[in-house]
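K.L.:
Pasting in a structure now, in structure tokens, and then I'll have a few things to ask.
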Amino acid sequence: MPRTEKTRNRIWWAVVAVLAVACLGVVAWLVPTVSSHRAEIFFDTADGAGAATSGEPAEGPVGALPSDAALPDAAELGRRVDEVLAGAGGSAVGAQVLDVETGQPLYSRDDAEPLAPASNLKVLTALSLLSHSHPEDRYRTESRLGAAPGSVTLVAGGDTMLSDGASDPADVMGRAGLGDLAEQTVGSLERRGVEGPQQVRLDASRFSGPALNPAWSPEDLALGYATGVHPIALWDHHTARPQFPEDVSGRPADAGLDALNAYVTALNAAAGDSGLSFSAAPDPRQLPAGDADGARLGGVSSATVLEQATYMMENSDNVLAEVLGRNAAIAAGEEGSLEGGEAAIRRALAEVGVGVDGLVLEDLCGLAPGNRVTTATLASAMAAAARGDGPVADLPGTLPVAAGSGTLADRFDDPAEQPAAGYARAKTGTLLEVTGLTGITTTSQGRLLAFSLLVNDLDDAGAARDALDTAVADLSTS
């Protein structure tokens, strides 16, 4: 792609050393490090899915930008954004734009008004996850000897992207496979001289509270936008590998039991002529006393926390957000529940100095209609991540690229929106009467901005999305 007609001093910000955002082998976008010119958009082909990670938390991109880059003219920027947002059509519009380096507000519109965020709420879930976990942490699914004679227990460890077969080291989905775990389990039992029929139970005690959130509408559940949340599942809470990342069809009635039954099938396949046979226990979640003390038989590890967070943000995956929010709660010392996830989010925001006035959390993914958050909280959280260091600095790199990846792949295509293509990264959010964008972009002078734009009570979703995309383009050209 050629450079713009007039060579300008447009600076690329660095979010991660190398980010491959492709899934299933499609084209990935690589964000270059800062140079003296904001260069062309680069393409590469990913050999596997998920973000490439260095093993160390990222450093915030603001430190790599020129410290003398000029701030946009706030009055002119406000005039342009006001004009664009007038076409958004909603009766409630909130917006905040911050200079990341200084935290200075450059534009505000009802930024203290709590609004429904839709999936913009996932920004807070991801912040919590990265705040309380190391990006290279993994979730481990294990098997152990049961306390009852002739029994094996499958132990849920928070990985809900398991495959029913072999582990795939090149993919986020199915990085850990129950087929491999079954082979390890059978091998361990044989070495112990165990023979005969074995009953298999499931330890799903990692999560607590109801699997189904009563705040979710029956219609959304029927369509598969959400389902019962379990600490173990095949294929991201699907009955088979989804055909594409945003596929919400094929939800199991009980993802935990679905995984248990797949494990039993894999155990019997691995047993061969060993003299072992396996069946699910009549009440498989009922564990006898002392079961947790059983000897470990095998274990398989998930994709990294950062890879799963990127998958969740790229594809706006509601159920994975609920899982990762609960995993974040456990990492923070809370219960693996909705309430624990909320507490972990509030703690993560406090740790980076972000206020929570007006924050109401009915879920951890943004699907519940009663969620409320201000654009001040969302923009401040994004700015804190972008200028920080440590694990939260990885947050901007999990976001879709404008016109390039994930839920933004088909956005920013109109002429007025194209200046942000490849430069802005943002989390989308869409409900029937809600749309929003929260993310970061650089100005024409290389100044890094964080923004959050929410529209509620809209009557034309397409017009509202176009208005938000154009507003972000105005930030990019300011």
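K.L.:
What do you get for the angle between helix 461-477 and the principal long axis of the chain? Use alpha-carbon atoms, 0 to 90 degrees, nearest ten.
P.N.:
60 degrees
K.L.:
What does the charge add up to near residue 258, with Lys and Arg as +1, Asp and Glu as -1, over the other residues with Cβ less than 11 Å from its Cβ?
P.N.:
Working: positive: 251; negative: 164, 254.
Around residue 258, the charge tally is -1.
K.L.:
Another question, if that's okay. Highest mean first, what order results for 362-369, 165-172, 268-275 on Cβ atoms within 10 Å?
P.N.:
362-369, 165-172, 268-275
K.L.:
Can you order the peptides 423-433, 452-462 by their average number of other Cβ atoms within 10 Å per residue, highest first?
P.N.:
423-433, 452-462
K.L.:
What do you get for the angle between helix 338-351 and the principal long axis of the chain? Use alpha-carbon atoms, 0 to 90 degrees, nearest ten.
P.N.:
Approximately 40 degrees, to the nearest 10.
K.L.:
Rounded to whole Hz and in sequence order, give me ³J(HN,Hα) for region 386-400 from the Karplus expression 6.51 cos²θ - 1.76 cosθ + 1.60, θ = phi - 60°, writing x for Gly and Pro.
P.N.:
Listing the rounded values in order: 5, 9, x, 9, x, x, 5, 5, 6, 4, x, x, 7, 7, x Hz.
K.L.:
Something else about it: Tell me the angle of helix 305-315 to the major Cα principal axis of the chain, expressed in degrees between 0 and 90 and rounded to the nearest ten.
P.N.:
Roughly 60 degrees between the two axes.
K.L.:
Take the alpha carbon atoms of region 409-436, find their center, do the same for region 269-287, and report the distance between the two centers in whole angstrom.
P.N.:
Their Cα centres are 50 Å away from one another.
K.L.:
Under the Karplus relation 6.51 cos²θ - 1.76 cosθ + 1.60, θ = phi - 60°, what is the ordered set of whole-Hz ³J(HN,Hα) values for region 127-133, x standing for Gly and Pro?
P.N.:
Here the 3J(HN,Hα) series is 4, 4, 4, 6, 5, 9, 10 Hz.
K.L.:
Determine the relative contact order of region 129-266: mean sequence separation of Cα pairs under 8 Å and six or more apart, normalised by residue count, in whole percent.
P.N.:
Computed over region 129-266, the figure is 25 percent.
K.L.:
Can I ask one more? Kindly put 248, 472 in sequence by how many other C-beta atoms sit within 10 Å of each C-beta, fewest to most.
P.N.:
248, 472
K.L.:
Project the alpha carbons of the chain onto their principal axes and report the range along each, largest first, in whole Å.
P.N.:
Principal-axis extents of the chain (Cα, largest first): 77, 41, 36 Å.
K.L.:
What distance in nm separates the two pseudo spin-label positions at residue 279 and residue 414, each 7 Å out from Cα along the beta-carbon direction?
P.N.:
Taking the two extended label points, one gets 6.3 nm.
K.L.:
As an exercise, identify the trypsin sites (Lys or Arg not before Pro) in region 178-268 lying in DSSP coil whose Cβ has no more than 13 other Cβ atoms within 10 Å. Write out the running numbers ahead of the final one.
P.N.:
Values: sites: 191, 192, 201, 206; in loops: 192, 206.
In loop regions of region 178-268 (DSSP not H, G, I, E or B), the sparsely surrounded trypsin sites (Lys or Arg not before Pro) are 192.
K.L.:
Applying a 10 Å radius around every beta-carbon, put 253-261, 122-130 in order of their mean neighbour count, most first.
P.N.:
My ranking of the peptides, most packed first, is 122-130, 253-261.
K.L.:
Under 1.5 on a/c is rounded, so check that first for region 138-304, then, if it is not, pick prolate when a/b is larger than b/c and oblate when it is not; a ≥ b ≥ c are the square roots of the alpha carbon gyration tensor eigenvalues.
P.N.:
Prolate, since a/c reaches 1.5 and a/b exceeds b/c.
K.L.:
Which whole-Hz ³J(HN,Hα) couplings does region 85-96 yield from phi under the Karplus relation 6.51 cos²θ - 1.76 cosθ + 1.60, θ = phi - 60°, glycine and proline marked x?
P.N.:
Once rounded to whole Hz, the list reads 5, 4, x, 6, x, x, 7, 9, 10, x, 7, 8.
Computed from the coordinates by the stated procedures, all read-outs in this text should not be read as laboratory data. Keep in mind that this is a model prediction, so the values were computed, not measured. Reconstructed Cβ throughout: ideal geometry from the backbone, glycine too, with neighbour counts over all protein chains shown.
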